[in-house]
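Report on the following structure.
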Amino acid sequence: MAIVVKKGQSMIIELDFLEIIFDSGKEHFKVLDIPHWGVEEGDQVAIFGPSGSGKSTFLHTLAGLLPVSRGRLTVCGHPLEGMSEVKRDQFRAQFIGYIYQNFNLLQGFTALENVLLGMTFSPRKSDPAEAKRLLEEVGLSHPLKYHPSQMSACEQPRVAVGRALANRPKLLLADETTASFHPVNKEDVLRILLDICNTHGCTLVLVTHEREVIGLFQKTVTFLEFNRACQGPLGGQP
Ligand code: ADP
Ligand code: MG
């Protein structure tokens, strides 16, 4: 499948010759080497790839959690190459929602407080009414006062979706969000994710190693096709 690259104002992600190299001092380990890629505003894209192919590294890079080693990467109109860590943190707080693979919910806080925490670093003020609305949208009207450990396996990811949307991000990044679920719960959570992104006008990029997940997405990409670092032996010298 050819990778279509579009350029223009409606692009929310644009990259050229993006490389991520982990440098241990003694060794260079190139995990990402992507010549070109782009995502249009409003798209819902699933990236499929095996474990260890660099999917989480890619999402971390898009979110500004990792610095760009080489090449160009523009997300939500902001060039991330050369951007300081502080600026990348501010960029993430303003534009990015992130659903971590293990959800990273804070166990000492209730569902509502977890969503409120998602607003903490955003330029907007914390808004409990908005946090409640978000939890209602993901189908959690009642367990607002419960802590994550008191919630079921399909309630926890809903809190994670609510928290990721709490700063009203332009781009939502989801890392293997359904990996540990029963197939029925998998589809439920995915549909909530796709619907809520539509409602909020939020672009979605999800990475997964599960083939059945990509069937629900209109746009899919195979990571091995566009990450050249996976195409030869991993860890080649940069
Ligand atoms: P995936 O999410 O597709 O399973 P990852 O992005 O987690 O893949 O990892 C890709 C490769 O990069 C793996 O070989 C992993 O060990 C390596 N890697 C990830 N993070 C680091 C790091 N901070 N330093 C060195 N190597 C790393
Ligand atoms: Mg991963």
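The values are calculated or read from the model by the stated rules, or taken from the named source; none is laboratory data. Everything numeric in this text was worked out from a predicted model, so none of it was measured. FYI the Cβ positions are ideal-geometry reconstructions off the backbone, even for glycines, and counts take in every protein chain you see. Surface areas here come from the heavy atoms of the whole protein model, side chains and all, with no ligands, DNA or RNA. Shrake-Rupley method; radii C 1.70, N 1.55, O 1.52, S 1.80 Å.
In this structure, does I47 turn out to be within 13 Å of ligand 2 (Cβ to nearest atom), aliphatic (A, V, I, L, M) and either open to solvent by less than 70 Å² (accessible area, probe 1.4 Å) or in contact (Cβ under 8 Å) with a residue 24 or more places away in the chain (or both)? Show your work before the answer.
Details: within 13 Å of ligand 2 (Cβ to nearest atom): yes; aliphatic (A, V, I, L, M): yes; either open to solvent by less than 70 Å² (accessible area, probe 1.4 Å) or in contact (Cβ under 8 Å) with a residue 24 or more places away in the chain (or both): yes.
For I47, the condition - within 13 Å of ligand 2 (Cβ to nearest atom), aliphatic (A, V, I, L, M) and either open to solvent by less than 70 Å² (accessible area, probe 1.4 Å) or in contact (Cβ under 8 Å) with a residue 24 or more places away in the chain (or both) - is met.
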Among the residues of the stretch 109-139, write down those that are more than 18 Å from the chain's Cα centre (by Cα), of a type in the set (G, A, S) and part of a helix (DSSP H, G or I).
-> A111, A129, A131
Residues (aliphatic (A, V, I, L, M), at pLDDT 85 or above and away from ligand 1 (no atom under 16 Å from the Cβ)) located in the stretch 142-190 | M151, V159, A160, V161, A164, L165, A166, L171, L172, V189, L190
What are the residues in the stretch 31-44 that are more than 8 Å from ligand 1 (Cβ to nearest atom) and either open to solvent by 30 Å² or more (accessible area, probe 1.4 Å) or farther than 12 Å from V205 by Cα (or both), if any?
-> L32, D33, I34, P35, H36, W37, E40, E41, G42, Q44
Here the qualifying pairs (Cβ atoms under 6 Å; residues six or more apart or on different chains; first in the stretch 94-116 and more than 17 Å from E137 (Cα to Cα); second buried (at least 20 other Cβ atoms within 10 Å of the Cβ) and small (G, A, S)) come out as I96/A63; Y98/A63; Y98/A164; F103/A160
Quick check: is even one residue across the stretch 59-75 among the aliphatic types (A, V, I, L, M), part of a loop (DSSP other than H, G, I, E, B) and over 15 Å from the mean Cα position of the chain (by Cα)?
-> yes
Assuming L216 fulfils every condition listed in (1) in a loop (DSSP other than H, G, I, E, B); (2) open to solvent by 40 Å² or more (accessible area, probe 1.4 Å); (3) closer than 30 Å to G108 by Cβ apart from one, which condition is it?
-> (3)
Exactly one of H28, H78 is within 21 Å of A164 (Cβ to Cβ), away from ligand 2 (no atom under 16 Å from the Cβ) and open to solvent by 60 Å² or more (accessible area, probe 1.4 Å), and that one is H78
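For (1) polar (S, T, N, Q); (2) open to solvent by 40 Å² or more (accessible area, probe 1.4 Å); (3) modelled with pLDDT under 95, each residue gets a yes or a no:
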{"position": "K55", "(1), (2), (3)": "no, no, no"}
{"position": "R70", "(1), (2), (3)": "no, yes, no"}
{"position": "V86", "(1), (2), (3)": "no, yes, no"}
{"position": "A93", "(1), (2), (3)": "no, no, yes"}
{"position": "I96", "(1), (2), (3)": "no, no, no"}
